[in-house]
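Reading through the structure tokens given below for one structure.
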Amino acid sequence: MYPKIISLLPAATEIVCALGLEGNLVGRSHECDFPASVKQFPVCSEANFPDNLSSGEIDIKVKEILADALSVYTVKREVIKQLSPDVVITQAQCEVCAVSLKDVEQALENYLDKNAQIISLQPNKLDDIFSDIKNIAARLNVSKAGDLLLEELQERVNIVRHKLKFIENKPTVACIEWLEPLMVSGNWIPEMVAIAGGTAILADAGKHSKYIKWEHIVAADPDIMIAMPCGFSIERTLKEMGILLQQPSFSNLKAVKNNKVFIADGNQYFNRPGPRIVDSIEILAEIIHPKQFIFGYEGEGWIKFSV
């Protein structure tokens, strides 16, 4: 008999479902929304700030919360206790992005009627994401399903790699992870840009996303700019693009002059280290080398931003 699972991380929920274990889910985080069918499960967490804040307001609020040694999220202990899980999946990668391991351990310590197994994910690179899938599959006793899923995902990555094998033009790409203050996407994003035939600038693969000054963007003058704010849909990002438009010399950037500014759905794709990270690679391939790739994500996973 498979265990009862609570996932407090959207990417983990997607992994569990891709492994064929959606029927074992009994609870989810407030952010878990894919596949849509998981919305039926009880919500086991909540954010400690309003949902309608701007980028700048979110940054200020999160820093205030963390400065007071508080958590950005609340774990609903009573809900979890009633659900009586065998397994709780969370993360230790970023205390701003989702419920953290520390939050879960503190909330559930000596609280459940049985010892729940806590699985914590901490991906920094692309290989870490694939390793997490393999690890979850093993811990949930579905290793074969994990191997099949990884084989399918790797095959899709290899198709992109193979098609770009002899492409010499590798445009520079600035991936914007946060608009105010400005951040560029680190962790697995630079590797994904490279697989999709581009060269990520101002960020290091395997290292956390970092704050940068606008002058650094101007100095780098990227061929392509992609806004993919963490946790933001395309619609929400569109409302805040004015932050970039008002920056000095924005209209002089190569990407702007050549109509190569894009918005991608960071919430559903790039910021979720699960199976759809391969969809994200395909999105990048469509954007960076449109003559070579048409996967069909335009309009849903990304749009061109007309300045």
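The values are calculated or read from the model by the stated rules, or taken from the named source; none is laboratory data. What you see is a predicted model, and the numbers here were worked out from it, not measured in a lab. Neighbour counts are summed over all protein chains in view; Cβ atoms, including those assigned to glycine, are modelled from backbone coordinates with ideal geometry. Calculation scope for accessible area: heavy atoms of the full protein, side chains included, ligands and nucleic acids excluded. Shrake-Rupley method; radii C 1.70, N 1.55, O 1.52, S 1.80 Å.
Residues checked against (1) under 19 Å from Lys257 (Cα atoms); (2) not in a loop (DSSP other than H, G, I, E, B):
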| residue | (1), (2) |
| --- | --- |
| Val160 | no, yes |
| Lys165 | no, no |
| Ala174 | yes, yes |
| Glu177 | no, yes |
| Glu180 | no, no |
| Ala194 | no, yes |
| Gly197 | no, no |
| Glu215 | yes, yes |
| Pro222 | yes, no |
Subject >> Where Ser249 falls short, out of the listed (1) over 19 Å from Ile303 (Cα atoms); (2) modelled with pLDDT under 95; (3) buried (at least 19 other Cβ atoms within 10 Å of the Cβ) >> reply: (3)
Subject >> Selection count, the range 135-155, where residues are under 26 Å from Ala203 (Cβ atoms) and exposed (fewer than 15 other Cβ atoms within 10 Å of the Cβ) >> reply: 1
Original post:
How many residues, within the range 29-51, are of a type outside the set (A, V, I, L, M), outside any loop (DSSP other than H, G, I, E, B) and modelled with pLDDT under 95?
Top reply: 2
Original post:
Between a first residue in the range 53-67 that is within 16 Å of Glu177 (Cα to Cα) and a second residue that is at pLDDT 75 or above and among the charged types (D, E, K, R), which pairs have beta carbons less than 6 Å apart while being 6 or more apart in sequence or on different chains?
Top reply: Ser55/Glu180; Ser55/Glu240; Gly56/Glu180
Original post:
In this structure, does Glu191 turn out to be touching a residue at least 12 places away in the same chain (Cβ under 8 Å) and either open to solvent by 40 Å² or more (accessible area, probe 1.4 Å) or farther than 20 Å from Asn24 by Cβ (or both)?
Top reply: yes
**OP:** Could you please tell me which pairs satisfy a Cβ distance under 6 Å, a separation of 6+ or placement on different chains, a first residue in the range 150-176 that is touching a residue at least 40 places away in the same chain (Cβ under 8 Å), and a second residue that is part of a strand (DSSP E or B) and not hydrophobic (A, V, I, L, M, F, W, C)?
**Re:** Thr172/Thr199
**OP:** Taking Val261 as the residue in question, decide whether it is in contact (Cβ under 8 Å) with a residue 24 or more places away in the chain and either among the polar types (S, T, N, Q) or within 23 Å of Asp221 (Cα to Cα) (or both).
**Re:** yes
Original post:
Which one is least open to solvent (accessible area, probe 1.4 Å) among residues in the range 87-108 that are over 16 Å from Thr13 (Cβ atoms) and modelled with pLDDT of 65 or more?
Top reply: Leu108
Original post:
Among (1) surrounded by 18 or more Cβ atoms within 10 Å (Cβ to Cβ); (2) out of contact with any strand residue (DSSP E or B) (no Cβ under 9 Å at 6 or more places or on another chain), which single condition is Ile226 missing?
Top reply: (2)
Original post:
When only residues in the range 39-59 that are in contact with a helix residue (DSSP H, G or I) (Cβ under 7 Å, 6 or more places away or on another chain) and among the hydroxyl-bearing types (Ser, Thr, Tyr) count, which is least open to solvent (accessible area, probe 1.4 Å)?
Top reply: Ser55
Subject >> Which numbered condition Ala11 misses (of (1) farther than 22 Å from Asp86 by Cα; (2) touching a Gly at 6+ places or on another chain (Cβ under 8 Å)) >> reply: (1)
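Which is open to solvent by less than 30 Å² (accessible area, probe 1.4 Å) and among the aromatic types (Phe, Trp, Tyr), of Phe166, Phe232?
Phe232
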Original post:
So, of the residues in the range 123-134 that are in contact (Cβ under 8 Å) with a residue 24 or more places away in the chain and touching a helix residue (DSSP H, G or I) at 6+ places or on another chain (Cβ under 8 Å), which turns out to be surrounded by the most Cβ atoms within 10 Å (Cβ to Cβ)?
Top reply: Ile133
